[in-house]
Amino acid sequence: MKVRVNRSGQLLILLTIFLGVAAANTANNGLYIVVSFLLAGMLISGLISLYNLKGIEIRLKFPEEVFAQTPTLATLNLRKKTKFPSFLVRVSSKTGEVVLPKIPGEWVSEELKFSFPKRGYYKSVKLKISSDFPFGMFRREYEKEVYVNLIVYPKLLPTVFSPETMKEKEGEEKNLSTVRGYEDIREIKDYAGEPMKLIHWRVSAKLGELKVKEMIAEEESPIVLSLDSVSGDLETKLSKLTYLILKFSREGYSVGLKLGDKVIEPGKGKEHVRQLLKELALYNLDYGLHLS
């Protein structure tokens, strides 16, 4: 545990030295008493500050989705395991800080900001715990490693991706490109920029305005993405795929993923999406690489 002297503490030390020298030169008993009180005050302050930071239990809970290079708020839970509470405790990450006026024996919660520079698996994170209590003259601090078992997904990088364009580019012989069929008509609706092949010419001619066919299979066609689906270096591709997986899943598509020889079949739901994002987060990384 480190001890730092604040400005007020520096002034107190200088004053104590000055009075100590004066007491020695003048043999003034009153000055000796004052110096004794000042030294005793510093000793008591040190002992109180040491006890103040001992026995603090810390837990962190992160959101379900955490992305690299993106600020995120984690729930910080603290409690004091010893009899007396702690006061004016500052908890800091690399990108955030929070001050708790009091930490009792019961759990208290605050939000603390984090930002992870890289994707991957984080076994734990380091927090700095410090306090100026009781008199603000000295600051005690130490680092604490908090177990989190966290998967950080690649950062989100928006990109333009058209399923129709992808199909035309790669051809229908590649079953890992987007496949969209138009077998069954759900309803006839007004034209709103849909592909020309969806225009219902007979109905349009009859009504005197463009009408299009809404196809049932349009909603059910799966999308399987791969590194070849996007451009850029590896990290850029992974970031773009992360964005596309979230985008298409929120639009109701069944989304799958191909990374090398590993293929995850298209599916829906939160757990399926997290599986896809986890594969991107850990791709080409040693498990347990990061410790922040």
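Derivation of every value follows stated rules applied to the coordinates shown; laboratory data play no part. Keep in mind that this is a model prediction, so the values were computed, not measured. A quick note on method: Cβ atoms are made from the backbone with ideal geometry, for glycine too, and the neighbour counts reach across all protein chains shown.
Compute the length gained on full extension between VAL98 and ARG274: take 0.36 nm times their separation in residues and subtract their Cα-Cα distance, giving the result in nm to one decimal. Could the numbers behind the result be given before it?
Details: separation 176, 0.36 × 176 = 63.36 nm, distance 3.00 nm.
Taking VAL98 through ARG274 to full extension adds about 60.4 nm, to one decimal.
Are there any GluC sites (Glu not before Pro) in region 210-283 that are in a DSSP loop and have at most 10 other Cβ atoms within 10 Å? List them by number.
Values: sites: GLU214, GLU218, GLU219, GLU220, GLU235, GLU251, GLU271, GLU279; in loops: GLU251.
In loop regions of region 210-283 (DSSP not H, G, I, E or B), the sparsely surrounded GluC sites (Glu not before Pro) are GLU251.
Only bridges whose two residues both fall in the chain count here: according to DSSP, what percent of them are antiparallel, nearest 5? Don't jump to the answer; show the numbers that get you there.
On the way: 48 of 54 bridges.
Close to 90 percent.
Counting helices only, and only those DSSP H runs with n ≥ 4, report the 222 nm mean residue ellipticity of the chain as the sum of -39,500 (n - 2.57) divided by its residues, in deg cm²/dmol to the nearest 500. Write out the running numbers ahead of the final one.
On the way: 7 runs with 93 residues, N = 292.
It lands at -10000 deg cm²/dmol.
Using Cα pairs closer than 8 Å and at least 6 residues apart in sequence, work out the relative contact order for the chain, in percent.
Values: 543 pairs, mean separation 47.0, N = 292.
Averaging sequence separation for qualifying contacts and normalising by length gives 16 percent for the chain.
Rank TYR121, PRO85, PHE18 by how far each Cα sits towards the positive end of the charge dipole of region 1-152 (+1 on Lys, Arg Cβ; -1 on Asp, Glu Cβ) and give me just the farthest.
Of the listed residues, the answer is TYR121.
Only four residue types carry charge here, +1 at the Cβ of Lys and Arg and -1 at the Cβ of Asp and Glu. Report the dipole size of the chain about the Cα centre in Debye, rounded to the nearest 20. Mind showing how you got there, number by number?
Details: 44 positive and 35 negative charges, 325 e Å.
With only Lys, Arg, Asp and Glu charged at Cβ, the dipole is about 1560 debye.
For region 10-123, what does the relative contact order come out to in percent, with C-alpha contacts under 8 Å and a separation of six or more? All intermediate terms of the calculation are to be shown ahead of the outcome.
Details: 156 pairs, mean separation 23.8, N = 114.
The value is 21 percent.
For region 95-158, take every pair of Cα atoms, bin their distances at 10 Å starting from 0, and report each bin as a whole percent.
Per 10 Å bin, starting at 0, the Cα pair percentages come out as 15, 40, 29, 13, 3, 0.
Report the label-to-label distance for GLU209 and GLU265 in nanometres (one decimal), using points 7 Å from each Cα along the Cα→Cβ vector.
Taking the two extended label points, one gets 4.4 nm.
Select from SER124, SER49, SER231 the residue whose mean-square fluctuation is largest in a Gaussian network model of the chain (Cα-Cα springs shorter than 10 Å).
SER231
Give me the net charge for the shell around GLU64: Cβ to Cβ below 12 angstrom, other residues only, Lys and Arg +1, Asp and Glu -1. Don't skip to the end; give the middle numbers.
Details: positive: LYS61, LYS270, ARG274, LYS278; negative: GLU65, GLU271.
Around GLU64, the charge tally is +2.
Stretch LYS61-LEU39 to full length: gain in nm at 0.36 nm per residue minus the Cα-Cα span? Let's see the in-between values first.
Values: separation 22, 0.36 × 22 = 7.92 nm, distance 4.29 nm.
My answer for the length gained is 3.6 nm.
Report the convex hull volume per residue for the chain, counting only C-alpha atoms, in Å³. Show your work: numbers first, answer last.
On the way: hull volume 54.9 nm³, N = 292.
Here the figure is 188 Å³ per residue.
For the ranges 237-248, 57-68, 84-95, what's the packing order if you count other beta-carbon atoms within 10 Å of each residue, average per peptide, and put the highest first? If you can, show how the numbers build up before the last one.
Values: 237-248: 22.0, 57-68: 15.6, 84-95: 17.4.
Going from most to least packed, we get 237-248, 84-95, 57-68.
By average Cβ neighbour count within 10 Å, what is the ranking of 34-47, 145-158 from highest down?
Peptide ranking by packing, descending: 145-158, 34-47.
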